[in-house]
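Enquirer: Dumping the structure here so I can ask a few things about it.
The values are calculated or read from the model by the stated rules, or taken from the named source; none is laboratory data. Everything numeric here is computed off the predicted structure, so don't read it as measured data. Using ideal geometry, Cβ is built from the backbone for each residue, glycine included, and neighbour counts are taken over all protein chains shown. SASA here: full protein model, heavy atoms, side chains in, ligands and nucleic acids out. Shrake-Rupley method; radii C 1.70, N 1.55, O 1.52, S 1.80 Å.
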Amino acid sequence: MLKAGVLGAGHLGKIHLRLLKESSRYELVGFHDPDSIQGKAVSEEFGIPYFDNMNTLIEAVDVVDIVTPTLSHYDCAKKAIASGKHVFIEKPITHTQQEAEELIALLKAKGLKGQVGHVERFNPAFQAVKHQIVDPMFIETHRLAEFNPRGTDVPVVLDLMIHDIDIILSVVNSEVADIQASGVSVISNSPDIANARIAFKNGCVANLTASRISLKNMRKSRFFQRDAYISVDFLERKVEVVKMKNASEHPGEFDMVLQNAEGTKKQIYFENPQIIQNNPILDELEALASAIEENTIPPVPLEQGAQALDVALKVIEAFATRKG
């Protein structure tokens, strides 16, 4: 079993602690949080050793799980990697693109494994249909959340929209050509509502909306491609797959057939992919363990985390361009 240590004992950090404690792939050595009062309280609650010194914890483990505020990701990961430790870094990977590139270079030089916590990649609904999303040409995403003070230290793009940016980059095999965006600050000092239009060189266009001041929660993405429409509900963990194929010469009584102006007939049919329920956070953590043990590339390597951050930062830059 790989020895693991967690940096950060906030809301998400406590979830990681609980799951790592239950995991059969890791031996949870302990955790560190700069708030010693919080740390000791969590240690008593979970029965997990609290390390008052971060460096001592790093030296005692094989894998460092970084669940601290984004501004500290770089410093924590740099110390861990420099000490020869594999790292799991919550999203976004770092605060700046330069920091991300430095971590990638250091990780490569040390021959270590690193993964970024883009947890929606492990959502069972997306897992059930991702192999069917092939060359989408239009994508629409809505990620809406009720207001929660936690996370408002960063723009909604880095808090919420980056999830959808990562999903889109994972299914669109093309470089970004253009980004247009607008954002509005309602409660926070940074935008709470944002919309972005990302155009790719292959012609695909993605329209993303994110809000953290909505009256209800929603996490839906729709993918349109040749002869197929795929909808993924990340919140309800449901999928809808509608496909079209050439209609037979003698369709059945209940077959749904459409005919275009050229006389081509297409039959509409529905698929119901099997959704295998899971715990996405546990799965992403254990995926890193598999990559370490099998010497393979993690599902969301640091390079992909950096790509998502790059696009997210360009969306934020586009806010200023629009104002200008």
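Enquirer: What residue, of Val134, Val129, is buried (at least 18 other Cβ atoms within 10 Å of the Cβ) and either of a type in the set (Gly, Ala, Ser) or modelled with pLDDT of 95 or more (or both)?
Expert: Details: Val134 fails: buried (at least 18 other Cβ atoms within 10 Å of the Cβ).
Answer to the check: Val129.
Enquirer: May I ask you to list pairs of residues, at least six apart or on different chains, whose Cβ atoms are under 6 Å apart, with the first in segment 63-88 being under 15 Å from Ala105 (Cα atoms) and the second being of a type outside the set (A, V, I, L, M, F, W, C) and not in a helix (DSSP H, G or I)?
Expert: Tyr74/Thr94; His86/Lys113; Val87/Gly114
Enquirer: A further question on this structure: Filter segment 16-25 down to the residues that are open to solvent by less than 80 Å² (accessible area, probe 1.4 Å) and either in contact with a His (Cβ under 8 Å, 6 or more places away or on another chain) or farther than 21 Å from Asn53 by Cα (or both) and list them by number. It would help to see each step written out before you state the result.
Expert: First pass over segment 16-25, keeping only residues open to solvent by less than 80 Å² (accessible area, probe 1.4 Å): 16-17, 19-20, 23, 25.
Scanning segment 16-25 gives Leu19, Ser23, Arg25.
Enquirer: I've got another one for you. Looking for something under 17 Å from Ile281 (Cβ atoms) and among the basic types (Lys, Arg) - is there at least one such residue anywhere in segment 36-45?
Expert: no
Enquirer: Show the residue pairs meeting these rules: Cβ distance below 8 Å; 6+ apart or different chains; first residue within segment 294-322 and part of a helix (DSSP H, G or I); second residue open to solvent by 90 Å² or more (accessible area, probe 1.4 Å).
Expert: Note: pairs meeting the criteria are Ala306/Glu101; Ala318/Gln180; Arg322/Gln180.
Enquirer: Of all residues being of a type in the set (A, V, I, L, M, F, W, C) and open to solvent by 20 Å² or more (accessible area, probe 1.4 Å) in segment 182-216, which is modelled with the lowest pLDDT? Just the residue, please.
Expert: As a first pass, look at segment 182-216 and keep what is of a type in the set (A, V, I, L, M, F, W, C): 184, 186-187, 193-194, 196, 198-200, 204-206, 208, 210, 213, 215.
Subset that is open to solvent by 20 Å² or more (accessible area, probe 1.4 Å): 184, 186-187, 193, 205, 213, 215.
Working: Val184: 91, Val186: 89, Ile187: 86, Ile193: 95, Val205: 98, Ile213: 93, Leu215: 91.
Among those that are of a type in the set (A, V, I, L, M, F, W, C) and open to solvent by 20 Å² or more (accessible area, probe 1.4 Å), it is Ile187.
Enquirer: Kindly check whether there is at least one residue in segment 31-38 that is touching a His at 6+ places or on another chain (Cβ under 8 Å) and either of a type outside the set (Phe, Trp, Tyr) or farther than 15 Å from Leu302 by Cβ (or both).
Expert: Start the filter on segment 31-38 by keeping residues that are touching a His at 6+ places or on another chain (Cβ under 8 Å), which leaves none.
No, segment 31-38 contains no residue that is touching a His at 6+ places or on another chain (Cβ under 8 Å) and either of a type outside the set (Phe, Trp, Tyr) or farther than 15 Å from Leu302 by Cβ (or both).
Enquirer: If you don't mind, another one. Within segment 1-15, work out how many residues are surrounded by fewer than 23 Cβ atoms within 10 Å (Cβ to Cβ) and within 15 Å of Leu57 (Cβ to Cβ).
Expert: Going residue by residue through segment 1-15, those that are surrounded by fewer than 23 Cβ atoms within 10 Å (Cβ to Cβ) are 1-3, 10-15.
The next check asks that each one be within 15 Å of Leu57 (Cβ to Cβ); those that pass are 2-3, 13.
Number of matching residues: 3.
Enquirer: Please go through segment 267-280 and give me each residue that is open to solvent by 40 Å² or more (accessible area, probe 1.4 Å) and either more than 25 Å from His131 (Cα to Cα) or in a strand (DSSP E or B) (or both), ordered by number.
Expert: Listed by number, the residues that qualify are Tyr269, Phe270, Glu271.
Enquirer: Just one of (1) within 19 Å of the chain's Cα centre (by Cα); (2) surrounded by fewer than 15 Cβ atoms within 10 Å (Cβ to Cβ) trips up Glu262, so point out which.
Expert: (1)
Enquirer: Which one is surrounded by the most Cβ atoms within 10 Å (Cβ to Cβ) among residues in segment 75-123 that are in contact with a Pro (Cβ under 6 Å, 6 or more places away or on another chain) and of a type in the set (S, T, N, Q)?
Expert: Gln115
Enquirer: A follow-up question, please. Could you tell me which of the residues Lys85, Lys3, Lys79, Lys40 is at pLDDT 95 or above and closer than 30 Å to Lys314 by Cα? Before the answer, list the steps.
Expert: Values: Lys85 fails: closer than 30 Å to Lys314 by Cα; Lys3 fails: closer than 30 Å to Lys314 by Cα; Lys40 fails: closer than 30 Å to Lys314 by Cα.
Unique residue meeting the criteria: Lys79.
Enquirer: Also, quick follow-up: For segment 39-68, what are the residues that are in a loop (DSSP other than H, G, I, E, B), open to solvent by 30 Å² or more (accessible area, probe 1.4 Å) and in contact with a His (Cβ under 8 Å, 6 or more places away or on another chain)?
Expert: From segment 39-68, those in a loop (DSSP other than H, G, I, E, B) are 47-49, 51-53, 60-62, 67-68; that's our starting set.
Filter once more, so that each one left must be open to solvent by 30 Å² or more (accessible area, probe 1.4 Å): 47, 49, 51-53, 60, 62.
Scanning segment 39-68 gives Phe51, Asp52, Asn53, Asp62.
Enquirer: Next question. What number of residues within segment 198-244 satisfy the criterion of being touching a Leu at 6+ places or on another chain (Cβ under 8 Å) and part of a strand (DSSP E or B)? Give the steps one after another, and end with the answer.
Expert: In the first step, residues of segment 198-244 are kept if they are touching a Leu at 6+ places or on another chain (Cβ under 8 Å); the result is 198, 209-212, 214, 216-220, 244.
Now restrict to residues that are part of a strand (DSSP E or B): 198, 209-211, 218-220, 244.
Total meeting the criteria: 8.
Enquirer: In addition: Of (1) in a strand (DSSP E or B); (2) open to solvent by 10 Å² or more (accessible area, probe 1.4 Å), Pro34 satisfies all except one. Which?
Expert: So the condition that Pro34 fails would be (1).
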